[in-house]
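Just below is one structure, and these are the notes that go with it.
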Number of protein chains: 2
Amino acid sequence: MTWQDSVAPTTERRLTAAGRRTRERIVRAAAGLVFRRGVAGTSIPDVQQAAGVSASQIYHYFGDKQGLVRAVVDHQVTATLDRQRPALDHLDSFAALRAWCEETVAGQARRGCEGGCEIGSLAGELVETGPDTRAELVAAFERWEAPIRAGLVRMQRSGELDASADVHDLATVLLTSLQGGLLLAQVRRSVHPLKAATDAAIAYVESFAARPRPEMGPGTEPPARDLPDRVREP
Amino acid sequence: MTWQDSVAPTTERRLTAAGRRTRERIVRAAAGLVFRRGVAGTSIPDVQQAAGVSASQIYHYFGDKQGLVRAVVDHQVTATLDRQRPALDHLDSFAALRAWCEETVAGQARRGCEGGCEIGSLAGELVETGPDTRAELVAAFERWEAPIRAGLVRMQRSGELDASADVHDLATVLLTSLQGGLLLAQVRRSVHPLKAATDAAIAYVESFAARPRPEMGPGTEPPARDLPDRVREP
């Protein structure tokens, strides 16, 4: 049997506790290899050796390589999002958005900007490999964007973000700033591109802050701008 | 001889005209395969067949696979930047920046958002494969960022952009918005993420517009904001 052959995998919910543990061990081993070498650089014998299982066990649980790859995507998304909780579940103020981005920058600094974004790297390698895998990546990014968007909706309800702001657009802007910033940071081994990208995205979101319109008249200062504008500073 | 063996490649400048043509044919064939299948999915026999050359010719010109890969990176950067000229060389107004991003969005729409960014895709796959290749990627992004930065400097000289704006940061923000937006657009097969990301980046750059500070006093309107803020609109 080769990687190209497909057999019906045993679905996760039918597994015994021991089966779930074996499946999990295979996924973890594969995810570690894929993170270091990419999908194309990871063979079934590599996964066998790293997980201490037979090839037939891998086919039993995942059907084919695409099935294992999709399980790796799901695993990486879950791991990446779990690391970001509880921050991701509480992105309901400008301060929380900023703290979340700063923590992402600090996390990259701690690992010397090596490895980049687990999800973005998988996406770049896999997006053109087939519709099922692309659908898995669409779902992965949606799982990341949904809590960002939910936080922005809560900011609208609490009156911090203007009701007219397009929370779908703003969530996408935050996510793309992370993806672009993480890639450039990884290439340059510097957090600077990630910091510049996320600072700009947050400043853009902050420009939709809901604030009462100040009364204009003699001696009234113009409203403070969210984005720097040195010209107007005294 | 395998891919892992390295022999000194014949440098480009020592080649005859016929040699340069052969080398160029190999690079083009390899770049096309890499764009469709990724580096790991492209073998030397694939390149031989696509270019109609022998393996020894490939080793003669490139030394090893890493040498060929670096040549592919250089080729893709040149092709990508050539397509964007003369726009890239004239990014010296907000209108020009906006037109350039709109053309990038339109270009993605024309190809159904398939394929993503040639440079970004190569970067994602290759950045962790070795220091020489990473250095090639650093140079690739710098070749892209430099004309963006140069345009911003010209905007400062012409008085359109404030002199205090950090043109290095702003150029990085524009480039990361393209990278993040292109990846999400490719995954979702929609130009929307690219448009949202670049619109936000340009609005951020525009917030550094140089303008005379208006006199404040009775009846004076507050300065117009660069970013939308519906609250302040009448």
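The values are calculated or read from the model by the stated rules, or taken from the named source; none is laboratory data. Bear in mind the structure is a predicted one, so any value in this text is a computation, not a measurement. Cβ atoms come from the backbone with ideal geometry, glycine included; neighbour counts cover every protein chain shown.
Laid out as a table, the results:
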| item | result |
| --- | --- |
| Failed condition for B:Thr10, given (1) of a type in the set (Val, Ile, Thr); (2) part of a loop (DSSP other than H, G, I, E, B); (3) at pLDDT 90 or above | (3) |
| Search result, residues across segment A:44-69 that are outside any helix (DSSP H, G or I) and touching a helix residue (DSSP H, G or I) at 6+ places or on another chain (Cβ under 9 Å) | A:Gly52, A:Val53, A:Ser54 |
| Boolean, B:Thr16 is hydroxyl-bearing (Ser, Thr, Tyr), in contact with a His (Cβ under 7 Å, 6 or more places away or on another chain) and modelled with pLDDT under 95 | no |
| All positions within segment B:103-116 that are exposed (fewer than 15 other Cβ atoms within 10 Å of the Cβ) and under 15 Å from the mean Cα position of the chain (by Cα) | B:Glu103, B:Gly107 |
| Qualifying residue in segment B:110-121 (condition: polar (S, T, N, Q) and part of a helix (DSSP H, G or I)) | yes |
| Selection count where residues are over 15 Å from A:Ala196 (Cα atoms) and more than 8 Å from every other protein chain (Cβ to nearest Cβ), scope segment B:172-188 | 2 |
| Top-ranked residue of segment A:117-149 - restricted to ones that are small (Gly, Ala, Ser), under 15 Å from the mean Cα position of the chain (by Cα) and surrounded by fewer than 17 Cβ atoms within 10 Å (Cβ to Cβ), ranked as nearest to the other protein chains (Cβ to nearest Cβ) | A:Ala139 |
| Residue match in segment B:100-113 (condition: in contact with an Asp or Glu (Cβ under 7 Å, 6 or more places away or on another chain), away from every other protein chain (no Cβ under 14 Å) and in contact (Cβ under 8 Å) with a residue 12 or more places away in the chain) | no |
| For B:Ala50: the one exception among (1) farther than 13 Å from B:Glu118 by Cα; (2) crowded, with 19+ Cβ neighbours inside 10 Å | (2) |
| Residue in segment A:93-106 that is part of a loop (DSSP other than H, G, I, E, B), on the phi < 0 side of the Ramachandran plot and in the same structural domain as A:Asp166 (by TED's automatic domain parsing) present | yes |
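Each row is one residue, and each column tells you yes or no for (1) closer than 13 Å to B:Leu183 by Cβ; (2) of a type in the set (Ser, Thr, Tyr); (3) in contact (Cβ under 8 Å) with a residue 60 or more places away in the chain.
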| position | (1), (2), (3) |
| --- | --- |
| A:Pro131 | no, no, no |
| A:Arg149 | no, no, no |
| A:Met155 | no, no, yes |
| A:Glu160 | no, no, yes |
| A:Asp169 | no, no, no |
| A:Thr176 | yes, yes, no |
| A:Asp199 | no, no, yes |
| A:Val205 | no, no, yes |
